[in-house]
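Here the structure is laid out as structure tokens; the discussion comes afterwards.
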There are 2 protein chains.
Amino acid sequence: MEKKSELHTTSKHLARSGQGRSRVVIENVKPEIDCGRFAAKRTVGEPMTVEADIFADGHDALSARLLYRKEGISGWTEILMQPLPNDRWRGSFEVTEIGDYYYTVQAWVDRFQSWRQALAKKVDAGQDVALDLTSGAMLVEAAAEQAADKDQESLKRFAATLKGNRSAAVRIGLDEELAAMMEKYSDRRWAVTYEKNLQLTVERAKARFSTWYEVFPRSCASTPGQHGTFRDCQKRLPYIAAMGFDVLYLPPIHPIGESYRKGKNNALDANADDVGSPWAIGNKEGGHKAIHRQLGTLADFQDLIAAARKFDIEIALDIAFQCTPDHPYVAEHPEWFRKRPDGSIQYAENPPKKYQDIYPLDFESERWEELWNELKSVILFWGEQGVRIFRVDNPHTKAFPFWEWVIGEVKQHHPDALFLAEAFTRPKVMYRLAKLGFSQSYTYFAWRNTKPELTQYFTELTQTDLSDFFRANLWPNTPDILTEYLQFGGRPAFMTRLVLAAMLGASYGIYGAAFELCENVAREPGSEEYLNSEKYEIKHWDLESPGSLKDFIARVNRIRRDNRALQSDRNLSFYPVDNPEIICFGKRTEDLNNIIVVAVNLDPHHTQSGWVELPTEDLGLAPQQTFQVHELLTDARYLWHGKRNYVQLDPNSAPAQIFHVRPRIRREQDFDYFM
Amino acid sequence: MEKKSELHTTSKHLARSGQGRSRVVIENVKPEIDCGRFAAKRTVGEPMTVEADIFADGHDALSARLLYRKEGISGWTEILMQPLPNDRWRGSFEVTEIGDYYYTVQAWVDRFQSWRQALAKKVDAGQDVALDLTSGAMLVEAAAEQAADKDQESLKRFAATLKGNRSAAVRIGLDEELAAMMEKYSDRRWAVTYEKNLQLTVERAKARFSTWYEVFPRSCASTPGQHGTFRDCQKRLPYIAAMGFDVLYLPPIHPIGESYRKGKNNALDANADDVGSPWAIGNKEGGHKAIHRQLGTLADFQDLIAAARKFDIEIALDIAFQCTPDHPYVAEHPEWFRKRPDGSIQYAENPPKKYQDIYPLDFESERWEELWNELKSVILFWGEQGVRIFRVDNPHTKAFPFWEWVIGEVKQHHPDALFLAEAFTRPKVMYRLAKLGFSQSYTYFAWRNTKPELTQYFTELTQTDLSDFFRANLWPNTPDILTEYLQFGGRPAFMTRLVLAAMLGASYGIYGAAFELCENVAREPGSEEYLNSEKYEIKHWDLESPGSLKDFIARVNRIRRDNRALQSDRNLSFYPVDNPEIICFGKRTEDLNNIIVVAVNLDPHHTQSGWVELPTEDLGLAPQQTFQVHELLTDARYLWHGKRNYVQLDPNSAPAQIFHVRPRIRREQDFDYFM
């Protein structure tokens, strides 16, 4: 505990610092999450850029290296770090495999570099450098001692030249080849290595870029009123694939409880034919490892997974760790639940509200270790069926240590497993869950509708340290959330919110078919619950309805697939527009080979127009350059000029425009006979 | 190194978390400097406020404590932390002694509080609470088991009442006395303690609030041209005390080297009668522990310290760890210097510039430990003479580990020792030195002249994490720095800069008598060096010159002593003014008993006026309230009204106004016969 007290005690400190001579400071390393307690996150193929403040006393030249290695590999890979202004240094590497990496920083006073810089200045000033050249020769000779074979020979030759005639010696002293070789054999005796090995968790690309569609399999029957099955759901795959989704998320597929079952519209008393909520898990037929009988068999489910795979769609399963009174756990493991003084099990409550159909698991149970292991076995069971994406229901009502542990455990078996946290709660709780290991997180996107709200929130998510561990997944609607913007904005509101979700977020999802069919009737004014919510009844959706947004969605998702800039969030910037109802933002690849600019009319009722202001220099455009923008939703092309350009957005026809910026346009010089 | 890899391994993690049931998270503790690597700083009598993000899963009530103790004391003192918005908690204690403290945070899910909140809601909703009351009784009985004597009896009585008739039971369940007692015996089995004991270094009040005057003793002789002595300097004390200074800082008082001695105006070749720079330390008569013969004896120096003490003035000594070629160290310890290939010792250089009169010490020397110990003995030597304040010259050109070590070592002997870092270098280097233990630091204040510059810089210094370890000491001039603002702004510029330094900074200093006499002639255009700089020659100052600012300075320093708000920097705020040439800011005590508002005309050439906008609510004023401001420089009083008030500042008479805000003014209600 008291390691701090060492700071002020003589002998210990002197002993500790065998490096009294180690003069370099490395601090403020980024990314470093909670002092290294948590891992930063990247996906395979992403660059990992690390920065640090590095400096020493005085004015000596420094060298710095970013060190990294994959877990289980011994020995660091070293990357040269480059100095930025204000004592900041930066290095970068690309991660190529799923798993855990470590990284740290090493730096030292580089005596040869210091010598070389001084030599250059003295030579420029016409000073006598005879002694300097001798000093340099000594440094090179010392390096030669460390080298072998050819390198040793070369260094010896360099040293000899430094001791020879002045002009040759000066030329060699400033020679790049010698500098490179001296860097290789740089004297690191007093190098400082940052005191922590920081962790980086690398997940597959889908953790970063994914397009989700939520569907209730029981509503997939072709005949209205009939209970849909996995087989029906399978038939829905071409429809879903045509819209361009690559994750199909199913609400819980387990047996639904009967005690205190909720009726239509969340009625306290269900009728005999009410199907109940899929989140009320468990009855006498089984719990979290069983399948609701009316959906089909485990084999049917496996068929669905296999069939989806052919459409490049992955099945995401809902992990909702809660039980109905009928769940087998209740009888088999009453010790996993909290008891009331009368011996009955405590149902969920948020006083004065009671949820008697739900028994929460007690993470303070004496038998918490058995509970943890059982819950882990649930996830592993579905992992064995081939599920690799888990959408976790209300993780913020289960103990944090459990999530860190179970996600780590599951990844031991399935390193490619992904977890989406459905925590609509306070920001710090949401961020903590992300740190604990969730690959993606739901966000407040649904309630960010105005330009200042969207700008502030997405700047926070993508341009701060959050971006190193919190990956947003944007949902304009869910079975629980029909926002007032959607309720009152008509079809244009659905188009606007779709484009915002799909363009602001490299990962987004919709709850269909409610979304593409623009279902917007709430249970009552002021409520965000759907009227006749699919949570409590079987729905039959008219997928071929003429108002469906399915083609529009397909177009938007095609644009996402075709444009690499849209597959990341770290590259988001907002651009000024002189109209508060129009929001404009851009994403671009680091090499500027793919630049997308999006303008969205946030007003679903009126046509809005305005001048957007592009940061031309950041986009690789000259200030007065003429360039082409290709509007990808309509396939229209415009010539834009310089920073300020005009947009006009009619909510009924095109509430949003997605521009692919093409800096190069053909001109007279392009004709071969121009010269 | 690889402790991070434990995160994802089953058994270790399960073992580690005997706290699988510990559900609380404590993160983002402030202050916490570089992950706890460095101590936060406070002075005796200051409040120490600690904040942390504290939350758990779910909606249970939490309890949190700030724990602290002084080094050497076993057992924590506990302070209740209070919840703020957004999962932030805060606790505060006052430090009363010089030395090191530790602090940390503990929190837990408070089952009784959770129960009590639920009970209140259920009672409000008219629900049956019979089982709840039984649960509550069980919690109280469990607490009684932990208590003894009277407490145990009381708790048993409470428990009995909770099991009795409903209305009495509910009343007791919500009773404050029971709540307080249950807090005392709160069930902390699964409490979480923050993983670090953070360190707090407490220094004496002068580290926070000090008023410095720099003088060259050799210029204190009453006869022009004569070499002044400590005795002459002693005669200057009444003059310095009358101006209100409490630290008298002397440039180095050691023997001055003769080799390569600099002449007047830094001439490369000195005349025989040139006195040299006090920073060129060491000759055959001695080095850093000796006194320059012409200044007097060690006894004279001790007399000066004693005489100063009578005026409440402390002597600050200059620690300039560098040697002339004549310094005894050069012959006795050549191994502490770097050698050139010809065996000569390397003089200081910043190519192409050479400083042949200075040999830097080599902190990469093989004998670095002996060097460190010798340098420490220098500081301790002067400590033995009674010096407790050390102004360290160019600490950024000596190894960082040395400073951390030597400051700790000196404080072992003299816990009241203070160190001022004179590092005019890059910001991160300056901040690092402060973290390593320097009590105060020079700043960029001299070059911050415009309103945006001052606002940005002092907001950074006082309103960010910097304020926990970096204490600014503001100098409008030094023997090295005669800014262009002072060169061209005449006497008003000196007044303006004095008020800014004295009001923005709880610690500030001037180099006199150059400052109070408005000496403003630079050696050449574009230079910040004084013409005929006192660094290289003896000066004779006409202290009774009619233009002297001594009375003005005395008034300003009196205001600082009389107003507690001005004795701290953490309480600084800037207020808007509709004139870019006027800056307005305020400082106030936390209890609002002392509120100071300062308005300064930054334009030394023209009268400027404008409307300042006060944050009336923060100052405890009603929005439309009339209140009195007492202008402390002129003793004028004004009635101000509401947020916006007018100021006019004539640089020739009063370039600044310092208002003491008195919220209460007498009105008709104050007459006893009003009623």
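Suppose every K and R has +1 on its Cβ and every D and E has -1 on its Cβ; what is the size of the dipole of the protein assembly as shown about the Cα centre, in Debye to the nearest 20? Let's see the in-between values first.
Numbers: 166 positive and 190 negative charges, 49 e Å.
Dipole of the protein assembly as shown, to the nearest 20 debye: 240 debye.
How much mean residue ellipticity at 222 nm does the protein assembly as shown get from its helices, if each DSSP H run of length 4 or more adds -39500 (n - 2.57) and you divide by all residues, to the nearest 500 deg cm²/dmol?
Working: 32 runs with 375 residues, N = 1350.
It comes out at -8500 deg cm²/dmol, rounded to the nearest 500.
Would you grab the residues whose amide H sits under 5 Å from the one on residue A:319? Only those 5+ places off in sequence or on another chain, please, with H modelled 1.01 Å from N.
Long-range HN contacts for residue A:319: A:391, A:392, A:393.
Quick one: which residues, 5 or more positions from residue B:81 or on another chain, have an amide H under 5 Å from its amide H? H modelled 1.01 Å from N in the peptide plane, none for Pro or chain starts.
Close amide H contacts, sequence-distant or interchain: B:64, B:65, B:66.
Compute the long axis of helix B:550-562 from its Cα atoms, compare it with the longest principal axis of the Cα atoms of chain B, and write down the angle in degrees, 0 to 90, nearest 10.
20
Using +1 at the C-beta of Lys and Arg and -1 at the C-beta of Asp and Glu, which of B:179, B:401, B:552 has the Cα lying farthest in the positive direction of the dipole of chain B?
With unit charges placed on the Cβ atoms, the residue in question is B:179.
Going down the list A:428/B:30; A:339/B:122; A:310/A:539, which pairs span over 25 Å between their C-alpha atoms? Write down the numbers at each step before the final one.
Details: A:428/B:30 16 Å; A:339/B:122 18 Å; A:310/A:539 27 Å.
Over 25 Å apart, Cα to Cα: A:310/A:539.
Ranked highest first by average number of other Cβ atoms within 10 Å, how do A:123-133, B:286-296, A:609-619 line up? Mind dumping the intermediate values first?
On the way: A:123-133: 14.9, B:286-296: 18.9, A:609-619: 16.8.
Going by the mean number of other Cβ atoms within 10 Å, highest first, we get B:286-296, A:609-619, A:123-133.
Provide the per-residue ³J(HN,Hα) series for region B:242-253, in order, calculated from phi with Karplus coefficients 6.51, -1.76, 1.60 and θ = phi - 60°, each as a whole number of Hz, with x at glycine and proline positions.
Once rounded to whole Hz, the list reads 4, 7, x, 8, 10, 10, 10, 9, 9, x, x, 10.
How many partner chain Cβ atoms sit within 10 Å of a residue's Cβ in peptide B:124-133, on average, as a whole number? Each step should come with its number before you reach the end.
Details: counts 2, 3, 1, 4, 0, 1, 2, 5, 3, 1.
For peptide B:124-133, the averaged partner shielding equals 2.
Going by average Cβ density within 10 Å per residue, which order do the peptides A:486-497, A:78-89 take, highest to lowest? Before the final figure, lay out each step's value.
Working: A:486-497: 22.0, A:78-89: 15.2.
Listed from highest to lowest mean packing, they are A:486-497, A:78-89.
Report the Cα centroid-to-centroid distance between region A:256-282 and region B:556-609 in angstrom, as an integer.
Taking the Cα centre of region B:556-609 as reference, the centre of region A:256-282 is 67 Å away.
Apply the Karplus curve 6.51 cos²θ - 1.76 cosθ + 1.60, θ = phi - 60°, to the phi angles in region B:43-50 and return the couplings in whole Hz, x for Gly and Pro.
Along region B:43-50, the couplings run 10, 4, x, 7, x, 10, 9, 10 Hz.
Using only alpha carbon pairs under 8 Å that are at least six residues apart, calculate the relative contact order of chain B and give it in whole percent. Mind dumping the intermediate values first?
Details: 1335 pairs, mean separation 64.7, N = 675.
Relative contact order here is 10 percent.
So what is the accessible area of region B:36-128 per residue, in Å², with the probe set to 1.4 Å?
Values: 3650 Å² over 93 residues.
Roughly 39 Å² per residue, with all protein chains present.
Run the dipole for region A:429-560 about the Cα centre, Lys and Arg Cβ at +1, Asp and Glu Cβ at -1, nothing else charged, and hand back the magnitude in debye, nearest 20. All intermediate terms of the calculation are to be shown ahead of the outcome.
Working: 14 positive and 16 negative charges, 96 e Å.
It comes to approximately 460 debye.
Indicate, rounded to the nearest 5 percent, the antiparallel portion of the DSSP beta bridges found entirely in chain B.
Values: 78 of 108 bridges.
In chain B, DSSP labels about 70 percent of beta bridges as antiparallel.
Give me the residues in region B:335-350 whose solvent-accessible area, probe 1.4 Å, is reduced by at least 40 Å² once all protein chains are included instead of the chain isolated.
Correct list: B:338, B:341.
Where nothing but the Cβ of Lys and Arg (+1) and of Asp and Glu (-1) is charged, how large is the charge dipole of chain B around its Cα centre, in debye to the nearest 20?
Result for chain B is approximately 1000 debye, rounded to the nearest 20.
Find the accessible area per residue for region A:358-438; the probe is 1.4 Å, ligands and nucleic acids are left out, and the unit is Å².
On the way: 2140 Å² over 81 residues.
It amounts to 26 Å² per residue over region A:358-438.
Working from Cα positions, state the angle (0 to 90°, nearest 10) between the long axis of helix B:451-463 and the longest principal axis of chain B.
50
Under the convention of a label 7 Å out along Cα→Cβ, give the distances in nm from residue A:648 to the same position in every other copy, shortest first.
Label-point distances to the other copies, shortest first: 5.5 nm.
Looking at the axis that maps chain B onto chain A, which chain B residue has the closest Cβ, and how far off is it in Å, rounded to a whole number?
Of all Cβ atoms in chain B, the one nearest the axis gives B:35, 2.
Taking 7 Å along the Cα-to-C-beta vector as the label spot, tell me the residue B:273-residue B:59 distance in nanometres, rounded to one decimal.
Using points 7 Å along Cα→Cβ, the separation is 9.0 nm.
Taking θ as phi - 60°, what are the ³J(HN,Hα) couplings along region A:96-111 by the Karplus curve (6.51, -1.76, 1.60), each to the nearest whole Hz, with x for Gly and Pro?
Each residue's phi maps through the Karplus curve to give 10, 9, 5, x, 9, 10, 10, 8, 7, 10, 10, 8, 7, 6, 9, 5 Hz.
Which distances, shortest first and in nm, link residue A:578 to the matching position in the other copies, using label points set 7 Å out along Cα to C-beta?
2.6
Which distances, in nm and shortest first, link the residue B:544 label point to the same label point in every other copy, taking 7 Å along Cα→Cβ?
Copy-to-copy label distances at residue B:544, shortest first: 11.1 nm.
Return one whole number: the accessible area per residue of region A:578-664 in Å², for a 1.4 Å probe. Working shown, then result.
Numbers: 3880 Å² over 87 residues.
Heavy-atom accessible area per residue stands at 45 Å².
Antiparallel DSSP bridges in region B:228-361: what percent, to the nearest 5? Each step should come with its number before you reach the end.
Working: 8 of 12 bridges.
Antiparallel bridges make up about 65 percent of those DSSP assigns within region B:228-361.
If one takes the longest principal axis of the Cα atoms in chain A, at what angle in degrees, from 0 to 90 and to the nearest 10, does the Cα axis of helix A:368-384 lie?
With both axes taken from Cα atoms, the answer is about 90 degrees.
Accessible area lost on pairing A with B, both sides, 1.4 Å probe, Å² to nearest 100? The partial results should precede the final answer.
Details: alone 31130 and 31080 Å², together 54060 Å².
For A against B, buried area totals roughly 8200 Å².
In region A:332-474, carbon and sulfur make up what percent of the accessible area (probe 1.4 Å)?
Numbers: 2320 of 4750 Å².
Whole-percent figure for carbon plus sulfur exposure: 49.
Shielding of A:83-91 by partners, i.e. mean partner chain Cβ atoms within 10 Å per residue? Don't skip to the answer; put the middle values down first.
Details: counts 0, 0, 1, 3, 5, 1, 0, 0, 0.
That average works out to 1.
The values are calculated or read from the model by the stated rules, or taken from the named source; none is laboratory data. This structure is a prediction, so every number in the text was calculated from the model and none was measured. Positions of Cβ are generated from backbone atoms using ideal geometry, with glycine treated the same way; all protein chains shown enter the neighbour counts. Areas reflect the complete protein model, heavy atoms only, side chains present, ligands, DNA and RNA absent. Shrake-Rupley method; radii C 1.70, N 1.55, O 1.52, S 1.80 Å.
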